[in-house]
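The structure appears right after this line, and notes come after that.
The values are calculated or read from the model by the stated rules, or taken from the named source; none is laboratory data. Keep in mind that what you see is a predicted model, and the values were worked out from it rather than measured. Virtual Cβ from ideal backbone geometry, glycine too; neighbours counted across all protein chains shown. Heavy atoms of the whole protein, side chains included, go into the accessibility calculation; ligands, DNA and RNA do not. Shrake-Rupley method; radii C 1.70, N 1.55, O 1.52, S 1.80 Å.
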Amino acid sequence: MKRIFISISSYRDPDLINSIDDALIKAAIPERIGFGVVFQGERREFLEFLPKTSGKLVFLKHVPIEETKGTGWARNIITKDMLETEDYFLQIDSHTRFKKNWDVEIISFYESLEEECMLSAYPTHFGLNEPYEVYSERNLNNRAIVEDFTEMYSFKNTKGRIPESAYEESITAAGAFQFCTNKVAKTMTFEEYFNPWMDQEISSCLVYMSGYNIYAPREAFLWHCYANNHVGSKEKWRPLVADDKTISDYDRYPFKTIENWKRKRTFEDWKERVQQDINLKKDW
């Protein structure tokens with residue numbers, strides 16, 4: 001039985017337990033599923049959440065609000081320190097729903113490609129008050145097309161396009177959906193993570209520089225909630241850390257470090273591949 005490790009960086013998200021439960025309920029073989037969760041929140045919130053994981057294979061790290069340093073920082077902890085011998089790695093956000101039998105289908109799809117790679121795309125939306133029968137009708141992912149670079153080589157804008165075939169080559173590793181082998185996942189890790197906002201750019205760069213391709217599958221294996229407000233609430237319920245607090249002591253230009261790393265492809269190769277997406281703007 002091939003095991004799947006699910007990475008979740010959660011920041012005060014009340015939907016976290018629902019995402020965990022849905023992954024298990026919808027899996028054909030739930031006993032193959034384990035989770036690595038960095039729970040960023042108050043101690044009271046963590047102690048309320050902890051009993052809800054009883055009977056589930058959930059590895060937890062609690063980070064108090066005043067100590068957290070961003071989504072990418074938390075995801076790096078999970079991939080570097082919590083992912084161990086599991087066969088496959090799946091990174092999601094803490095507000096996610098799954099297709100029935102998703103585990104069997106995503107492994108089968110991945111293995112049909114006959115190469116180690118990463119599957120990644122922007123999932124389609126589910127509404128928190130929608131039943132599965134409704135949101136599952138929206139079953140096509142978006143391949144993100146990079147429109148431009150900023151001066152620090154972050155993606156200035158991205159534009160979604162549904163793949164025309166079963167999958168399309170991509171260069172954007174969307175944070176809300178990354179699926180790959182353990183080996184590929186480990187290429188994205190740092191000893192010390194140094195930028196809280198650019199984890200999608202950094203992960204896509206390191207995977208590509210390590211010699212692995214990224215593919216955006218056309219059909220959805222999971223859904224993501226893009227709404228900012230919880231049902232019945234006018235308050236923002238899934239804020240980014242950067243919205244809540246100022247994060248300092250980071251190098252604003254992470255690629256100044258990465259560009260010197262020796263891998264199968266160079267940083268220049270990655271920039272040239274991203275430029276192909278930028279050039280596609282002319283065709284829109």
Could you order the peptides 211-220, 171-180 from most to least packed, using the average number of other C-beta atoms within 10 Å per residue?
171-180, 211-220
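For the chain, what does the accessible surface come to per residue with a 1.4 Å probe? Please give it in Å². Let's see the in-between values first.
Details: 13160 Å² over 284 residues.
Accessible area per residue, the chain: 46 Å².
Determine the shape class of segment 163-203: with a ≥ b ≥ c the square roots of the Cα gyration tensor eigenvalues, call it rounded for a/c under 1.5, and otherwise prolate if a/b is greater than b/c, oblate otherwise. Numbers along the way, then the final one.
On the way: a/c = 3.22, a/b = 1.71, b/c = 1.88.
Because a/c hits 1.5 or more and a/b fails to exceed b/c, segment 163-203 counts as oblate.
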What does DSSP give for the chain in terms of the percent of beta bridges that are antiparallel, rounded to the nearest 5?
50
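For Thr85 and Lys256 in one chain, what is 0.36 nm times their gap in residues minus the Cα-Cα distance, to one decimal in nm? Numbers along the way, then the final one.
Details: separation 171, 0.36 × 171 = 61.56 nm, distance 3.16 nm.
Computed gain between Thr85 and Lys256 is 58.4 nm.
Which percent of the accessible area of the chain is formed by carbon and sulfur heavy atoms (probe 1.4 angstrom)? Spell out each step's value before the answer.
Values: 6050 of 13160 Å².
The C+S portion of the solvent-accessible surface of the chain is 46 percent.
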Arranged from highest to lowest average of other beta-carbon atoms within 10 Å per residue, in what order do the peptides 133-145, 68-80 appear?
68-80, 133-145
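Stokes-Einstein D for segment 89-179 at 10 °C, 1.306 mPa s, Kirkwood Rh over Cα pairs, in µm²/s? Write down the numbers at each step before the final one.
Values: Rh = 14.6 Å.
D = 108 µm²/s.
Using 0.36 nm times the number of residues separating Glu272 and Asn139, minus their current alpha carbon distance, what extension gain do you get? Walk me through the intermediate numbers first.
Details: separation 133, 0.36 × 133 = 47.88 nm, distance 3.13 nm.
Between Glu272 and Asn139, full extension yields 44.7 nm more.
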Relative contact order for segment 68-222: what percent, with Cα pairs under 8 Å and sequence separation of 6 or more?
38
List, in order, the whole-Hz ³J(HN,Hα) value for each residue of segment 42-59 obtained from phi through the Karplus relation with A = 6.51, B = -1.76, C = 1.60 and θ = phi - 60°; use x for Gly and Pro.
5, 4, 4, 5, 5, 5, 6, 6, 3, x, 6, 8, 4, x, 10, 8, 10, 9
Put one equal scatterer on each alpha carbon of the chain, apply the Debye formula with no solvent term, and list log10 I(q)/I(0) at q = 0.08, 0.13, 0.14 1/Å to two decimals.
-0.31, -0.88, -1.04
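Which of rounded, prolate, oblate describes segment 73-114, given a ≥ b ≥ c as roots of the alpha-carbon gyration tensor eigenvalues and a/c under 1.5 marking rounded, otherwise prolate only if a/b is larger than b/c? Working shown, then result.
Values: a/c = 2.69, a/b = 1.42, b/c = 1.90.
Oblate, since a/c reaches 1.5 and b/c is not below a/b.
For segment 118-231, what is one quarter of the convex hull surface built on the Cα atoms, given in nm²? Don't jump to the answer; show the numbers that get you there.
Details: hull surface 33.9 nm².
So the Cα hull casts an average projection of 8.5 nm².
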Please work out the FRET efficiency for the pair Glu114 and Ile162, using the Cβ-Cβ distance as r and a Förster radius of 25 Å; give the result to the nearest 0.05.
0.55
Just for the Cα atoms in segment 1-104, what are the lengths along the principal axes, largest first, rounded to whole Å?
39, 25, 20
Between Lys183 and Leu57, what is the label-point separation in nm under the 7 Å Cα-to-beta-carbon projection?
2.1
Work out the length of the dipole vector of segment 121-194 about its Cα centre, built from +1 on the beta-carbon of each Lys and Arg and -1 on the beta-carbon of each Asp and Glu, and round it to the nearest 20 debye.
100
Projected onto their principal axes, the Cα atoms of segment 1-44 stretch, largest extent first, over whole-Å spans of 37, 15, 13
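Per 0.36 nm of contour for each residue apart, how much would the distance between Asp21 and Arg43 grow if the chain were fully extended, relative to their Cα-Cα spacing? Don't skip to the answer; put the middle values down first.
On the way: separation 22, 0.36 × 22 = 7.92 nm, distance 2.19 nm.
Extra length from Asp21 to Arg43 when fully extended: 5.7 nm.
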